[in-house]
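Here is the structure we will look at, set down as structure tokens.
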Amino acid sequence: MKSTLNIIYLLLITMAISCSSSDNDIAPDSPPDTDPTPNTNYNIKLIEDSFEGKNYVVIGSEGWNFMVAYNSILDNVSLSFEAINGALPIIMSDNEGSRYNIFGEAIDGPNLGKKLTPMTGIMGYWFSWAAFYPGLVIFNNTLPLQNFGESVSGTDGWLVPKDNVFVGALRDAIPAIEEPEYHVNKDDTPTDILPNISSVVVGIKYNGTSKLYPHNILNWHEIINDKISDYYYSIIFCPLTGTATVWNRKIDNTVTTFGVSGLLYNNNVMPYDRKTNSIWSQMLLKSVQGELTGTNSENYFVLETNYETWIEISKDHQLMNTNTGYSRDYSRNPYGTYPSNSTINFPVNFIDTRLHPKERVLGVIVDGKAKAYRFSSFN
């Protein structure tokens, strides 16, 4: 049975590649088919902003390939910040004299040992943010809003329109990984795992332990069920929307796992939990069908950046290796040129042409609304 599912999965991936070469899935007035040339500016810059009554700070660097956002309030005190360059993992200081690393941890000063609260922020392709959050604001952008005030409603017992949920693959045809293995030599760049030092990884740090999950493995599996100490979590990754989240996989005090349902909403992965078989939406961060409908995911801070940046942050990390138990060519992206072209494989609720569909932005979510930040704002 497993071999049959693998064959079906490979056929579906082949179809995805063929679909990704089409140029007819975007409205005619879309931006050019070429994503902006990557910038090599390694300066770290900082934006202090407010949205929906929340004050927070966004720190980013296009060269280092990261954007993170933290609440400006610490112990009921509103702080102001300045960026720090050339000292990764340290990225900023506050007005009280403390410095903070990229994980929001104060490493000295009066706030030593304290930690800023991460905002709910996810890196992802622009088109996906526009599809889920119509009319969202782009920081420092003067173009007129598109689809402002639009919304959708759930149908047939779903929190989303059931007719807008599409089957991309059979359930578990894209196999989630359980108990991944890790590269042990931290003094080299493991070319048998990563195509190059600029390869993007999804990272999590918990109780001093850091684990990294390469995009080139996640492209083939989408979900990795893992743990650090007593924290059980799932890496949820969607190649079609370019989004990565980390969810607690303990539900009602019971440890479970997430799997790939094969369903897509706005091209975004819809995991299912193996405790109740409820269907979840990654970008809505909640269950949208089944016993747990309306239950919010419990999210953990994720740092999505390239391996080069992680080496600067810390060599003391564990990098997931390619010993997954499955025969996959992890050196190859099964989606071909999809990450840089204008193709959207499945229908979406809304299209917003203000940015290139595949431009990676950071979306910050506050009370069901989102605001987008571009790398160009940190140049």
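The values are calculated or read from the model by the stated rules, or taken from the named source; none is laboratory data. Please read all numbers here as calculations on a predicted model, not as lab measurements. When we count neighbours, we look across all protein chains shown, and the Cβ atoms used for this are built from the backbone with ideal geometry, even at glycine.
Yes or no: Asp187 out of contact with any Ser or Thr (no Cβ under 6 Å at 6 or more places or on another chain), modelled with pLDDT of 95 or more, farther than 19 Å from Gly124 by Cβ and not assigned by the TED database to the domain that holds Tyr125? It would help to see each step written out before you state the result.
Details: out of contact with any Ser or Thr (no Cβ under 6 Å at 6 or more places or on another chain): yes; modelled with pLDDT of 95 or more: no; farther than 19 Å from Gly124 by Cβ: yes; not assigned by the TED database to the domain that holds Tyr125: yes.
Spelling it out, it is not the case that Asp187 is out of contact with any Ser or Thr (no Cβ under 6 Å at 6 or more places or on another chain), modelled with pLDDT of 95 or more, farther than 19 Å from Gly124 by Cβ and not assigned by the TED database to the domain that holds Tyr125.
Of all the residues that make up region 338-361, how many are in a loop (DSSP other than H, G, I, E, B) and either among the basic types (Lys, Arg) or closer than 25 Å to Ile177 by Cα (or both)? Walk me through it before giving the result.
Filtering region 338-361 down to residues in a loop (DSSP other than H, G, I, E, B) leaves 338-359.
After this cut, where a residue has to be either among the basic types (Lys, Arg) or closer than 25 Å to Ile177 by Cα (or both) as well, the list is 338-339, 345, 354, 358.
Number satisfying all stated conditions: 5.
Which of the residues spanning region 241-255 are over 11 Å from the mean Cα position of the chain (by Cα) and within 15 Å of Met270 (Cβ to Cβ)?
We begin by selecting, within region 241-255, every residue over 11 Å from the mean Cα position of the chain (by Cα); these are 247-255.
Hit for region 241-255 is Trp247, nothing else.
Filter region 107-123 down to the residues that are under 22 Å from Ser50 (Cβ atoms) and either touching a Phe, Trp or Tyr at 6+ places or on another chain (Cβ under 9 Å) or not assigned by the TED database to the domain that holds Ala372 (or both) and list them by number.
Asn111, Lys115, Leu116, Thr117, Pro118, Met119, Gly121, Ile122, Met123
How many residues does region 305-330 hold that are of a type in the set (Ser, Thr, Tyr), in contact with a helix residue (DSSP H, G or I) (Cβ under 8 Å, 6 or more places away or on another chain) and surrounded by 20 or more Cβ atoms within 10 Å (Cβ to Cβ)?
2
For region 306-314, does any single residue satisfy the condition of being at pLDDT 95 or above and in a strand (DSSP E or B)?
The answer is yes; a qualifying residue exists.
Which of the following residues is more than 22 Å from Trp129 (Cα to Cα) and of a type in the set (Lys, Arg): Lys358, Lys315, Lys371, Lys286?
Values: Lys358 fails: more than 22 Å from Trp129 (Cα to Cα); Lys371 fails: more than 22 Å from Trp129 (Cα to Cα); Lys286 fails: more than 22 Å from Trp129 (Cα to Cα).
Exactly one of Lys358, Lys315, Lys371, Lys286 is more than 22 Å from Trp129 (Cα to Cα) and of a type in the set (Lys, Arg), namely Lys315.
What pairs come up if the first residue lies in region 47-70 and is of a type in the set (Lys, Arg), the second is part of a strand (DSSP E or B), and their beta carbons are under 8 Å apart, counting only those six or more places apart or on different chains?
Lys54/Asn71; Lys54/Val366
Of all residues in region 252-261, count the ones that are surrounded by 20 or more Cβ atoms within 10 Å (Cβ to Cβ) and not hydroxyl-bearing (Ser, Thr, Tyr).
Going residue by residue through region 252-261, those that are surrounded by 20 or more Cβ atoms within 10 Å (Cβ to Cβ) are 258-261.
So of that shortlist, the ones also not hydroxyl-bearing (Ser, Thr, Tyr) come out as 258-260.
Residues flagged as surrounded by 20 or more Cβ atoms within 10 Å (Cβ to Cβ) and not hydroxyl-bearing (Ser, Thr, Tyr) within region 252-261 amount to 3.
Gly149 - would you say it is closer than 20 Å to Lys371 by Cβ and assigned to a strand (DSSP E or B)?
Numbers: closer than 20 Å to Lys371 by Cβ: yes; assigned to a strand (DSSP E or B): no.
No; evaluated as a whole, the condition is false for this residue.
Looking at (1) at positive phi; (2) touching a residue at least 40 places away in the same chain (Cβ under 8 Å), can you tell me which one Gly368 breaks?
For Gly368, the failing item is (2).
Need a quick list: strands (runs of 3 or more DSSP E) entirely within region 174-233 having at least 2 residues that are in contact with a Phe, Trp or Tyr (Cβ under 9 Å, 6 or more places away or on another chain), without any contact (Cβ under 8 Å) to a residue 60 or more places away in the chain and surrounded by 14 or more Cβ atoms within 10 Å (Cβ to Cβ).
Result: 223-228.
Got a number for residues in region 234-261 being part of a strand (DSSP E or B) and within 17 Å of Pro175 (Cβ to Cβ)? Outline the logic, then answer.
Of the residues in region 234-261, the ones part of a strand (DSSP E or B) are 234-238, 243-248, 250-251, 254-255, 258-261.
Keeping just the survivors that are within 17 Å of Pro175 (Cβ to Cβ) gives 234-238, 258-261.
Result for region 234-261: 9.
When region 192-243 is examined, which residues are found to be within 18 Å of Val260 (Cα to Cα) and among the charged types (D, E, K, R)?
Of everything in region 192-243, those that are within 18 Å of Val260 (Cα to Cα) and among the charged types (D, E, K, R) turn out to be Glu222, Asp226.
Condition test on Ser78, is it at pLDDT 95 or above, farther than 26 Å from Val201 by Cβ and among the hydroxyl-bearing types (Ser, Thr, Tyr)?
Numbers: at pLDDT 95 or above: yes; farther than 26 Å from Val201 by Cβ: yes; among the hydroxyl-bearing types (Ser, Thr, Tyr): yes.
For Ser78, the condition - at pLDDT 95 or above, farther than 26 Å from Val201 by Cβ and among the hydroxyl-bearing types (Ser, Thr, Tyr) - is met.
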